[in-house]
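Here the structure comes first, spelled out in structure tokens, and everything after it is commentary.
The values are calculated or read from the model by the stated rules, or taken from the named source; none is laboratory data. Keep in mind the model is a prediction, meaning the values are calculated, not measured. With ideal geometry, Cβ positions are generated from the backbone for all residues, glycine too; neighbour counts draw on all protein chains shown. Accessible surface is based on the protein model in full, side chains and every heavy atom, while ligands, DNA and RNA are left aside. Shrake-Rupley method; radii C 1.70, N 1.55, O 1.52, S 1.80 Å.
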Amino acid sequence: WSPELSSDLYRIDGWGAPYFTVNSSGDISVRPHGTDTLPHQEIDLLKVVKKASDPINSGGLGLQLPLVVRFPDVLKNRLESLQSAFDYAVQSEGYEAHYQGVYPVKCNQDRFVVEDIVKFGSGLRFGLEAGSKPELLLAMSSLCKGSSEGLLVCNGFKDAEYISLALVARKLQLNTVIVLEQEEELDLVIDISRKMAVQPVIGLRAKLRTKHSGHFGSTSGEKGKFGLTTTQILRVVRKLKESGMLDCLQLLHFHIGSQIPSTELLADGVGEAAQVYSELVRLGAGMKFIDIGGGLGIDYDGTKSSDSDVSVGYGLQDYASTVVQAVRFVCDRKNVKHPVICSESGRAIVSHHSVLIFEAVSSTTTRSQELSSMSLHSFVEKLNDDARGDYRNLSAAAIRGEYDTCMLYADQLKQRCVDQFKDGNLDIEQLAAVDAVCDFVSKAIGAS
């Protein structure tokens, strides 16, 4: 066995790159600065756990498992990588505005996480997104120490108290945007802003036709739970114009869904949103920002597949370039000034930065049934014709040394026997026997 085989077995380079790897000792190693991590900066996770869990009198911290180990430098690297990807896309595409992200607090409300993001993102104009009153208070407190240009995006259901609080944040010189998710919220915003003598900055969430059909796309599409239809958007514009506040409408927000699987779907959604943005400009709104929401996916299993709910078929640079290209194409065609691009990436920022470590309290081993030639003959006798054919093909493939074919026929044999068992035509001893045959084949050819 070797560290390389461990890395291959657990697919660490697939799901963990560039932050996790297997070191020469065979232990999990954390690379806090991603690809820029120097050899002496790598962190042996086993040594961290040992130091944390060893008794105090032995020089440890005396902590009990389970433990959550956080790596703030990974957060910093994720923010910088996201900004760098968009900066490169902006420059290479000749885009005439910039990118600035916001972190959705709901993704991880831990105080240290939020404060680290504000601290690391202060030079990048990074802001925060809140979806409730408690999150808004948390974001206000944190952003007082952040970038003055960083957005405080107020999403979620809004009652009078929420809107009043958001306007107080505006009074405190925070760059606050109240995003309308329901049409009736507009009346509250107009009424309360006049009473408080605060000029609001308003955004609206569009309910796009583009739909993410995967597990995380239930809130997307025109039948989604959140956002305004085109008819409602036009009514909002008309009401703002009648109130002399159309210049307050400055941001368009949309959300295709988390874990967007492909750049094709992303381009489709962003392109549709850019059309809505351009129409709002035409109608006289003071538009400045397009907020593409969340959706930047994480490849959890390392397959780089767009057909999986736990993987995505693109990288960070692909994502950024797709967004910038889609917005630029529409705005140039409509002769509209390029908007500032915002995104609300949550999982893409925090997923890699913490590790849950727990103790293994027990283990199980599989002991295969021994098969004699007599019991094997008895087993084959009870198989139906199709299953017996699979067994003969399996034997022939084994003699020829065709290992992939062996596994194919072993799997087919096992499935046919399971079907026979379900139909009542195979007893439990025979079902155990087919397991033993397949286990023997796997071990013989070294399959995992």
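Details
- Considering region 408-427, the residues that are farther than 15 Å from F379 by Cα, of a type in the set (D, E, K, R) and in a helix (DSSP H, G or I) include one that is most open to solvent (accessible area, probe 1.4 Å), namely K422.
- Scanning region 157-199 for residues that are assigned to a loop (DSSP other than H, G, I, E, B) and either more than 18 Å from E242 (Cβ to Cβ) or within 29 Å of the chain's Cα centre (by Cα) (or both) turns up F157, K158, D159, L172, Q173, L174, E181, Q182, A197, V198.
- Pairs meeting the criteria (first residue in region 267-295 and at negative phi and among the hydroxyl-bearing types (S, T, Y), second residue in a loop (DSSP other than H, G, I, E, B) and open to solvent by less than 10 Å² (accessible area, probe 1.4 Å), beta carbons under 8 Å, at least 6 apart or on different chains) are Y277/P339.
- Region 404-414: number of residues that are under 13 Å from Y391 (Cβ atoms) and either in contact with a helix residue (DSSP H, G or I) (Cβ under 6 Å, 6 or more places away or on another chain) or polar (S, T, N, Q) (or both): 6
- Test for Q91: is it out of contact with any helix residue (DSSP H, G or I) (no Cβ under 9 Å at 6 or more places or on another chain) and modelled with pLDDT of 95 or more: yes
- Residues in region 64-73 that are in a loop (DSSP other than H, G, I, E, B) and within 20 Å of D110 (Cα to Cα) were compared, and the one that is least open to solvent (accessible area, probe 1.4 Å) is F71.
- Pairs meeting the criteria (first residue in region 53-82 and without any contact (Cβ under 8 Å) to a residue 60 or more places away in the chain, second residue β-branched (V, I, T) and assigned to a helix (DSSP H, G or I), beta carbons under 8 Å, at least 6 apart or on different chains) are G62/I56.
- The condition (being in the same structural domain as D291 (by the TED database) and open to solvent by 10 Å² or more (accessible area, probe 1.4 Å)) is satisfied by just one residue among L188, L151, L136: L188.
- Pairs where the first residue, in region 159-180, is open to solvent by 40 Å² or more (accessible area, probe 1.4 Å) and the second is modelled with pLDDT of 95 or more and assigned to a loop (DSSP other than H, G, I, E, B), C-beta under 6 Å, 6+ apart: R170/V198; K171/V198
- Taken as a whole, the structure places E96 among residues that are in a loop (DSSP other than H, G, I, E, B) and in contact (Cβ under 8 Å) with a residue 60 or more places away in the chain.
- Number of the exception - Q430 against (1) open to solvent by 60 Å² or more (accessible area, probe 1.4 Å); (2) in a helix (DSSP H, G or I): (1)
- Selected residue (only one of E96, E42 is in the same structural domain as L152 (by the TED database), among the acidic types (D, E) and open to solvent by 30 Å² or more (accessible area, probe 1.4 Å)): E96
- So G313, is it open to solvent by less than 20 Å² (accessible area, probe 1.4 Å), outside any helix (DSSP H, G or I) and within 25 Å of S81 (Cα to Cα): no
- Enumeration of residues in region 258-301 that are open to solvent by 30 Å² or more (accessible area, probe 1.4 Å), under 30 Å from G244 (Cα atoms) and in a loop (DSSP other than H, G, I, E, B): L283, G284, K288
- Per-region count, region 20-53, residues among the small types (G, A, S) and in a helix (DSSP H, G or I): 3
- Being surrounded by 17 or more Cβ atoms within 10 Å (Cβ to Cβ) and touching a residue at least 40 places away in the same chain (Cβ under 8 Å) is a description that does not apply to E359.
- A single member of G123, G146 is open to solvent by 20 Å² or more (accessible area, probe 1.4 Å) and more than 13 Å from N175 (Cα to Cα), and it is G123.
- Here S306 clears all of (1) surrounded by fewer than 18 Cβ atoms within 10 Å (Cβ to Cβ); (2) in a helix (DSSP H, G or I); (3) of a type in the set (S, T, Y) except the condition numbered (2).
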